[in-house]
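Here the structure is laid out as structure tokens; the discussion comes afterwards.
The values are calculated or read from the model by the stated rules, or taken from the named source; none is laboratory data. Worth saying up front: this structure is predicted, and the values here are computed from it rather than measured. Positions of Cβ are generated from backbone atoms using ideal geometry, with glycine treated the same way; all protein chains shown enter the neighbour counts. Accessible surface is based on the protein model in full, side chains and every heavy atom, while ligands, DNA and RNA are left aside. Shrake-Rupley method; radii C 1.70, N 1.55, O 1.52, S 1.80 Å.
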Amino acid sequence: MNINSHLRQIVDELTQTTVHISDNEAEQLVNSIIEAKRVFVTGSGRSGLMGKSFAMRMMHMGIDAYVIGETVTSTFTKDDLLILGSGSGETKTLIPVAEKAKEIGGKVSVVTISPESTLGMLADFTIKLPGAKKDQTNSDYQTVQPMGSLFEQTLLLFYDALILRFMEKKDLNTHKMYGKHANLE
């Protein structure tokens, strides 16, 4: 197989999985972002990188958004929203973060393959994304990709789709958002 064949396989997998994402769950997350004073995002590994890209786009839209663990992260309060991305919902480093956010009284959302997981049970609401867990056991989704790649890619696309929905609700366009883009380069 060549690279283009692999690319087509990946795009085909993404096309098959993304149609299974609940619009109602996604809309609940968009509305929670709108209602929150600040939004905090986290994940581990590649899921964390997808979260960072989401936080950056929220900042471009004028949302007060932070990535947990960064040096410039603000204090989390009861008026804030925490969004965790975890395929398994069992990421050991994220569970204490969700517990602390709940203790403070803020809202917690988990984007995961497994809403019945530990993180899913801690969340105020979950968004179920289709995909295969890293070990690819007990999954309805078969993938040619290694480990959690299908989930991580779906997570990035999901976050970008949330941005588009937010733009619709707030009458934003790329020109309005570009004004908040870094300009010191």
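Take every Cα pair under 8 Å in the chain that's 6+ residues apart, average their separations, divide by the length, and report that relative contact order as a whole percent.
Contact order relative to length: 23 percent.
Taking all protein chains as present, what is the carbon and sulfur share of the accessible area of the chain, in % to the nearest whole number, probe 1.4 Å?
53
Which residue, 20, 60, 175, tops the fluctuation ranking in a GNM of the chain built on C-alpha contacts under 10 Å?
In the Gaussian network model the winner is 175.
Considering amide H positions built from the backbone, and no H for Pro or chain starts, which residues 5 or more places from residue 129, or on another chain, come under 5 Å of its amide H?
Here 112, 113 satisfy the definition.
Helix-only mean residue ellipticity at 222 nm, the chain, DSSP H runs n ≥ 4 weighted -39,500 (n - 2.57), per residue, nearest 500. What is it? Walk me through the numbers before you get to the answer.
Values: 7 runs with 86 residues, N = 185.
Mean residue ellipticity at 222 nm (helix-derived): -14500 deg cm²/dmol.
Take the alpha carbon gyration tensor of the chain, find the square roots of its eigenvalues, order them as a ≥ b ≥ c, and report rounded if a/c is under 1.5; if not, report prolate when a/b exceeds b/c, else oblate.
Since a/c reaches 1.5 but b/c is at least a/b, the shape of the chain is classed as oblate.
Considering only 153, 142, 28, give the residue with the highest GNM mean-square fluctuation for the chain, with springs between Cα atoms whenever their separation is below 10 Å.
Of 153, 142, 28, the most mobile in the Gaussian network model is 142.
Go through region 114-123 residue by residue and turn each phi into a ³J(HN,Hα) via Karplus (6.51, -1.76, 1.60, θ = phi - 60°); whole Hz please, and just put x for glycine and proline.
10, x, 7, 6, 4, 5, x, 6, 6, 6
Fully extended, how many nm does the chain gain between residue 124 and residue 37 (0.36 nm per residue separation, minus their Cα-Cα distance)? Kindly include the intermediate steps, with their values, before the conclusion.
On the way: separation 87, 0.36 × 87 = 31.32 nm, distance 1.66 nm.
The residue 124-residue 37 span can extend by a further 29.7 nm.
Which one, 63, 45, 83, is farthest towards the positive end of the dipole of region 1-126 when Lys and Arg carry +1 and Asp and Glu -1 on their Cβ?
45
At 0.36 nm per residue, and after removing the present C-alpha to C-alpha distance, how many nm does the segment from residue 73 to residue 2 gain when stretched out fully?
Result: 21.3 nm gained on full extension.
Can you pull the accessible area of residue 156 for me, 1.4 Å probe, Å² to the nearest 10?
The accessible area of residue 156 comes to roughly 60 Å².
How much area per residue is accessible in region 1-108 when the probe is 1.4 Å and only protein heavy atoms are counted (Å²)?
Ligands and nucleic acids excluded, the result is 53 Å² per residue.
Springs between alpha-carbon atoms under 10 Å, Gaussian network over the chain: tell me which of 75, 118, 91 tops the mean-square fluctuations.
Comparing 75, 118, 91 in the GNM, the peak value goes to 75.
What is the gain in length, in nm to one decimal, between residue 15 and residue 28 on full extension, counting 0.36 nm per residue of separation less the C-alpha to C-alpha distance?
Working: separation 13, 0.36 × 13 = 4.68 nm, distance 2.27 nm.
Additional length available on full extension: 2.4 nm.
For residue 82, enumerate residues with amide H under 5 Å from its amide H, sequence gap 5+ or separate chain, H modeled in the peptide plane.
When sequence neighbours closer than 5 places are left aside, the close amide H contacts are 40, 107, 108, 109.
For region 155-170, in order, what is each residue's ³J(HN,Hα) by Karplus, 6.51 cos²θ - 1.76 cosθ + 1.60 with θ = phi - 60°, in whole Hz (x at glycine and Pro)?
The phi angles translate into 4, 4, 5, 4, 4, 5, 5, 4, 4, 4, 5, 4, 4, 4, 5, 9 Hz.
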